[in-house]
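**Q** First the structure, which I've put down as structure tokens, then a few questions once you've had a look.
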Amino acid sequence: MTDPVRAAVDEAFRTEWGHVVATLIRVTGDWDLAEECAQEAFAKALASWPRDGVPRRPGAWLTTAARNRALDKLRRGAAEETRLRGLALTAADDDEAPEPDDVPDDRLRLMFTCCHPALPLEAQVALTLRTLAGLTTPEIARAFLVPEATMAQRIVRAKRKIRNARIPYRVPPAELLPERTSGVLGVLYLLFNEGYAASAGADLVRQSLTAEAIRLARVVAGLLPAAPEAGGLLALMLFHDARRATRTDDAGDLVTLADQDRTRWDRTLIDEGVRVLDEALALGRPGPYQLQAAIAACHATAARAEDTDWARIARLYELVARLNPSPVVELNRAVAVAMADGPAAGLALVDGLAEGGNLAGYHLLPATRADFLRRLGRDEEAVAAYRAALDLAPTGAERRYLARRIGELDP
């Protein structure tokens, strides 16, 4: 197989997998059959495209191949006559099947079905990765550091729940759309965060997860242009991902924001993030994702660390806290206040959070407190706080960073 053909198949998998699966689920109603036939369609492409050439519309070719394969399988099952008749109506030519309603893309139906509130959150994430992103069960299990059998059970249970509870394969009605859209965005946000700052393991960043989250966020933002928070979430991801290459050094150790080489930040992603955020804000309905994206933009567009507008960031965090109260948001605001008004001001806020107890066990609370104490010259107290953070840090990169800080203050 020539490299251009392999590249075309790989690109088609990245861009078309979710669409092919979503279309087959709609016309067959069978999730497992849809995934199986989609896989076989891509296998057929690997065999056919080197001989016949890459089709002008790879997505239509793959959808037709998968649909025809499903037709063959259903034809062999006498109990599937009703679904066979429905499928046969849509298999007449190589064009995409006509939509039964005004929803522009089957992927949107699939996204809302995967993220239905009747499913547990971990099942929503797993099902989204499996059906829309095309990740295998072992890949998803490795990404979230759980046994393959555990992840397989989650996916099977989620599909069974959809079938047994008769969860509709559709975008919810208008009165439920804002509530349900927030659930979809929440799953994508969780997915991105798990890749951007892993909750456990040796690596701080898992690029495969951040890449899939951004790709799916682009799909949702494109399909829901009137939902500004979808654009806000996409912009937030783009700003953060633009710094990915500089967040760790060649040894995999953590590099703080102030020490990152900004010349290596991805300006294309930053420019896209600015455009997407401006379009979202222009709709006049600011929400938490848009505000967080505005904060990330302050960092991404500052030429030097000392040019960062920390006072503006602190004000933006106040707005985020009003819309979405959270002790983590308050911790982030404390960092911004410390940068704008001095470490003593930030330490007062952090001590208040510690007294509240809502962040007990969260390693960034003592780590932040340690940084303020270090900047105030209170080295002995800083070392103690760094040690407390070290005991709680979930990844190897963060533990090595904290150990270095302790070594600098207490050699």
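**Q** Quick check on this structure: which one of Ala348, Ala360 is among the aliphatic types (A, V, I, L, M), surrounded by fewer than 16 Cβ atoms within 10 Å (Cβ to Cβ) and not in a helix (DSSP H, G or I)?
**A** None of the others qualify; the one that does is Ala360.
**Q** State which residue is modelled with the lowest pLDDT when the search covers only the range 236-250 and only residues that are aliphatic (A, V, I, L, M) and in a helix (DSSP H, G or I).
**A** Here is the first cut: in the range 236-250, the ones aliphatic (A, V, I, L, M) are 236-238, 242, 245.
Adding the requirement that they be in a helix (DSSP H, G or I) leaves 236-238, 245.
Numbers: Leu236: 97, Met237: 97, Leu238: 97, Ala245: 89.
Top of the filtered list is Ala245.
**Q** Given the condition in a helix (DSSP H, G or I), more than 16 Å from Tyr169 (Cβ to Cβ) and not aliphatic (A, V, I, L, M), answer yes or no: does some residue in the range 16-30 qualify?
**A** For the range 16-30, residues in a helix (DSSP H, G or I), more than 16 Å from Tyr169 (Cβ to Cβ) and not aliphatic (A, V, I, L, M): present.
**Q** If I ask for residues that are farther than 21 Å from Thr181 by Cβ, open to solvent by 40 Å² or more (accessible area, probe 1.4 Å) and either outside any helix (DSSP H, G or I) or in contact (Cβ under 8 Å) with a residue 60 or more places away in the chain (or both), which ones from the range 289-330 would you list?
**A** Residues satisfying the conditions are Thr301, Ala303, Arg304, Asp309.
**Q** Right, something else. With respect to Arg154, determine if the residue is among the basic types (Lys, Arg), touching an Asp or Glu at 6+ places or on another chain (Cβ under 8 Å) and under 15 Å from Glu212 (Cβ atoms).
**A** No, not satisfied.
**Q** Exactly one condition in (1) over 18 Å from Gly342 (Cβ atoms); (2) open to solvent by 20 Å² or more (accessible area, probe 1.4 Å) is not met by Ile406; state its number.
**A** (2)
**Q** Could we say that Leu89 is modelled with pLDDT under 85, open to solvent by 60 Å² or more (accessible area, probe 1.4 Å) and more than 30 Å from the chain's Cα centre (by Cα) here?
**A** Working: modelled with pLDDT under 85: yes; open to solvent by 60 Å² or more (accessible area, probe 1.4 Å): yes; more than 30 Å from the chain's Cα centre (by Cα): yes.
Yes, satisfied.
**Q** Quick one: which helices (runs of 4 or more DSSP H) sit completely within the range 101-185 and have at least 1 residues that are free of Cβ contacts under 8 Å to residues at least 24 places away in the same chain and over 21 Å from the mean Cα position of the chain (by Cα)?
**A** In the range 101-185, 148-164 are the helices (runs of 4 or more DSSP H) which contain 1 or more residues that are free of Cβ contacts under 8 Å to residues at least 24 places away in the same chain and over 21 Å from the mean Cα position of the chain (by Cα).
**Q** How many residues are out of contact with any strand residue (DSSP E or B) (no Cβ under 7 Å at 6 or more places or on another chain), open to solvent by less than 60 Å² (accessible area, probe 1.4 Å) and over 19 Å from Ala213 (Cα atoms) when one looks only at the range 236-250?
**A** 1
**Q** Condition test on Arg333, is it basic (Lys, Arg), in contact with an Asp or Glu (Cβ under 6 Å, 6 or more places away or on another chain) and either open to solvent by 40 Å² or more (accessible area, probe 1.4 Å) or in a helix (DSSP H, G or I) (or both)?
**A** Criteria not met by Arg333.
**Q** Considering only the range 129-143, state which residues are over 21 Å from Val184 (Cβ atoms) and open to solvent by less than 10 Å² (accessible area, probe 1.4 Å).
**A** Ala141
**Q** For residues that are outside any helix (DSSP H, G or I), among the charged types (D, E, K, R) and modelled with pLDDT under 95, tally how many sit in the range 363-408. Working first, answer last.
**A** Taking the range 363-408 as the starting set, the residues that turn out to be outside any helix (DSSP H, G or I) are 363, 376-378, 393-395.
Then keep just the ones that are among the charged types (D, E, K, R); that gives 378.
Next cut, modelled with pLDDT under 95 only: none.
Number of matching residues: 0.
**Q** What about Val5, is it touching a residue at least 24 places away in the same chain (Cβ under 8 Å), part of a helix (DSSP H, G or I) and under 27 Å from the mean Cα position of the chain (by Cα)?
**A** Numbers: touching a residue at least 24 places away in the same chain (Cβ under 8 Å): yes; part of a helix (DSSP H, G or I): yes; under 27 Å from the mean Cα position of the chain (by Cα): no.
No, not satisfied.
**Q** Next question. Looking only at the range 144-172, count every residue that is open to solvent by less than 10 Å² (accessible area, probe 1.4 Å) and either of a type in the set (D, E, K, R) or under 17 Å from Gly195 (Cβ atoms) (or both) and tell me the total.
**A** 1
**Q** Further, regarding this structure: Can you pull out the residues in the range 251-284 that are part of a loop (DSSP other than H, G, I, E, B) and surrounded by 13 or more Cβ atoms within 10 Å (Cβ to Cβ)?
**A** Gly252, Asp253, Val255, Gln260, Trp265, Asp266, Leu283, listed by residue number.
**Q** Which residue pairs have Cβ atoms under 7 Å apart, sit 6 or more places apart or on different chains, and have a first residue in the range 242-271 that is in contact (Cβ under 8 Å) with a residue 24 or more places away in the chain and a second that is part of a helix (DSSP H, G or I) and of a type in the set (Asp, Glu)?
**A** The qualifying pairs are Leu254/Glu398; Leu269/Asp241.
**Q** I'd like the full set of residues that are surrounded by fewer than 22 Cβ atoms within 10 Å (Cβ to Cβ) and assigned to a helix (DSSP H, G or I), limited to the range 222-235. Step through it out loud before you land on a result.
**A** Of the range 222-235, the ones surrounded by fewer than 22 Cβ atoms within 10 Å (Cβ to Cβ) are 222-226.
Hits for the range 222-235 are Gly222, Leu223.
**Q** Taking the condition crowded, with 23+ Cβ neighbours inside 10 Å, farther than 29 Å from Thr263 by Cβ and at pLDDT 90 or above, does Ala217 pass?
**A** Working: crowded, with 23+ Cβ neighbours inside 10 Å: yes; farther than 29 Å from Thr263 by Cβ: no; at pLDDT 90 or above: yes.
Criteria not met by Ala217.
The values are calculated or read from the model by the stated rules, or taken from the named source; none is laboratory data. Remember, it's a predicted structure, so these values are computed and weren't measured experimentally. Ideal geometry is used to build each Cβ from the backbone, glycine not excepted, and the neighbour counts take in all protein chains shown. Quick note on the areas: whole protein, heavy atoms, side chains included, nothing else; ligands and nucleic acids left out. Shrake-Rupley method; radii C 1.70, N 1.55, O 1.52, S 1.80 Å.
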